[in-house]
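Heads up: the structure comes next, in structure tokens.
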Amino acid sequence: MTENEFLLEDRIAKIKATVEKYGEDNFYISYSGGKDSNVLSALVDMALPKNRIPRVYANTGIELNMVRDFVFEQQKHDDRIQVIKPSVPIKKMLEEEGYPFKSKHHSLHVKRYQMCGKEYKSVRAYLGEEPTVSWGPRYTCPNILRYQFDPTYRLRISDVCCVAMKEKPMTEWAKENNKPYTMIGLMREEGGRRSNANCLAFKGKKFFAFQPLAVVTKPWENWFIEKRKVDIPALYYPPFNFVRTGCKGCPFAQDLQEELDTLEKFFPNERKQCEIIWKPVYDEYRRLGYRLKKPYENDHVEGQLTFTDIDMNIGTE
């Protein structure tokens, strides 16, 4: 048995044991339509043949079109796929809650500052004004971004975009359908907040999420997709070669310029959507020379997309 095969058997056993312990009827899969969630879904089917665990997809209106269309196509022959949508459109959410900027870590502390000044000790630690503690920020704020910690700075910044557009509607769906436990295709290897993820996630002593992919690697994932012929969106393959397929043009993406260049080449209207959705952040990035190095020229794009077009895209095929 190879190492890959050993890990596969280990994950199947872990899924079986966990679902048996907490009850199949209590689970749903947080399904994004991307590579990780399709691998998770395939693993669950191997471990639990004929399972009826729902795959819940949040159609936010800012997912890449090919991923959204992939999910709708899968739904035609898999009635376990449930499509939900957020209760608030993206424009209203960003205006009320704030825009993502740099990283969730940075955005969280700017949001706290904008709410309460330097009342939070973690904000003072992030600014280097307090010693860093175990529960506080791991990094201090880059000097180039300290201007955002000023009462005259007007752009609202927040780390809750994913929560408002995806996690909150899923939590509401789970409550309405009596599904207290979620399965998430989260991997430690992706770094950031995920680097310390465990297979079993607890709030205090209460179990709430199962993350079977936490211990696997991207090479293993690619091996599994090839071995099991797992169907994933075409965006992951040539000529597109996407590495991630989350919200289009997300300002948190470290390879943002590369992603936008790819969208410009293959999906220029979606590229324009990104400029509309994230304009205040993109403007700041370009002014700072951070992540976005090129101006955006869109004279060749036919038609004019607006926020209304984007919001009406939610829930449509």
All positions within the range 185-213 that are outside any strand (DSSP E or B), under 18 Å from Gly34 (Cβ atoms) and in contact with a strand residue (DSSP E or B) (Cβ under 9 Å, 6 or more places away or on another chain): Gly185, Leu186, Gln211, Pro212
Selection status of Glu284, surrounded by 13 or more Cβ atoms within 10 Å (Cβ to Cβ), touching a residue at least 60 places away in the same chain (Cβ under 8 Å) and not in a strand (DSSP E or B): yes
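Quick grid of which residues meet (1) outside the structural domain of Glu73 (by TED's automatic domain parsing); (2) touching a residue at least 24 places away in the same chain (Cβ under 8 Å); (3) among the hydrophobic types (A, V, I, L, M, F, W, C); (4) crowded, with 17+ Cβ neighbours inside 10 Å:
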position	(1), (2), (3), (4)
Thr140	yes, no, no, no
Asn143	yes, no, no, no
Lys166	yes, yes, no, yes
Glu190	no, no, no, no
Phe224	no, yes, yes, yes
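Test Val71 against the criterion of being of a type in the set (A, V, I, L, M, F, W, C), surrounded by 21 or more Cβ atoms within 10 Å (Cβ to Cβ) and modelled with pLDDT of 95 or more, and give yes or no. Spell out how you get there, then give the answer.
Values: of a type in the set (A, V, I, L, M, F, W, C): yes; surrounded by 21 or more Cβ atoms within 10 Å (Cβ to Cβ): yes; modelled with pLDDT of 95 or more: yes.
Judged against the criteria, Val71 is a match.
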Restricting the range 22-37 to residues that are part of a helix (DSSP H, G or I) and under 17 Å from Ala214 (Cβ atoms), the residue that is farthest from the chain's Cα centre (by Cα): Tyr22
Which residue is surrounded by the most Cβ atoms within 10 Å (Cβ to Cβ), if the candidates are limited to the range 1-22 and must be touching a residue at least 24 places away in the same chain (Cβ under 8 Å) and either of a type in the set (Ser, Thr, Tyr) or on the phi > 0 side of the Ramachandran plot (or both)? Thr18
Out of everything in the range 243-281 that is without any contact (Cβ under 8 Å) to a residue 40 or more places away in the chain and among the polar types (S, T, N, Q), what residue ends up being surrounded by the most Cβ atoms within 10 Å (Cβ to Cβ)? Thr262
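The values are calculated or read from the model by the stated rules, or taken from the named source; none is laboratory data. Please read all numbers here as calculations on a predicted model, not as lab measurements. As a convention, Cβ positions derive from the backbone with ideal geometry for all residues, glycine included, and neighbour counts pool all protein chains shown.
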